[in-house]
1. Okay, helix-only estimate at 222 nm for the chain: each DSSP H run of n ≥ 4 adds -39500 (n - 2.57), divide by all residues, round to 500 deg cm²/dmol; what do you get?
2. Out of the range 1-47, which trypsin sites (Lys or Arg not before Pro) are coil in DSSP terms and have no more than 12 other C-beta atoms within 10 Å?
3. So what's the net charge close to GLY26: Lys and Arg +1, Asp and Glu -1, counting the other residues with Cβ under 15 Å from its Cβ?
4. If I model a spin label at ILE13 and VAL38 as a point 7 Å from the Cα along the Cα→Cβ vector, what separation in nanometres do I get?
5. In sequence order, what are the phi-derived ³J(HN,Hα) couplings for the range 40-52 according to the Karplus relation 6.51 cos²θ - 1.76 cosθ + 1.60 with θ = phi - 60°, rounded to whole Hz, with x for glycine and proline?
6. Only one of the values (1) 14.9, 51; (2) 13.5, 45; (3) 14.4, 40 was calculated from this structure for Rg and Dmax of the Cα atoms in Å; name its label.
7. Could you check the simple spin-label distance between TRP4 and ILE50, using points 7 Å along Cα→Cβ, in nm with one decimal?
8. Less than 15 Å Cβ to Cβ from LEU17, Lys/Arg counted +1 and Asp/Glu -1: what total charge do the surrounding residues give?
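Every read-out reported here was derived from the displayed coordinates using simple, explicitly stated rules and does not represent laboratory data. Predicted model only: the values in this text are computed from it and were never measured. Positions of Cβ are generated from backbone atoms using ideal geometry, with glycine treated the same way; all protein chains shown enter the neighbour counts.
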Amino acid sequence: MKIWKVRSLFYRIARILGDIQAMMRGPKAMGKRIVRRVVGRAVGRTMRRILK
């Protein structure tokens, strides 16, 4: 198995565990997590366009 596949798997598992932890803290924490994820993706796309 390639290192990048293992790394990708670990990051995916960490994201799922973070989601579970946020759900246990309540709906407010999960909402914050979703908003941060959406904003992060939007910023990433914008930066990619600017630096292209």
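1. My calculation for the chain gives -32500 deg cm²/dmol from helical runs alone.
2. Hits after loop and neighbour filter: LYS2.
3. Numbers: positive: ARG25, LYS28, LYS32, ARG33; negative: ASP19.
Cβ neighbours under 15 Å give a net charge of +3.
4. Here the answer is 3.0 nm between the modelled labels.
5. x, 5, 5, 5, x, 5, 5, 5, 4, 5, 5, 8, 5
6. Derived directly from the coordinates: (3).
7. It is 2.7 nm.
8. Neighbourhood net charge equals +4.
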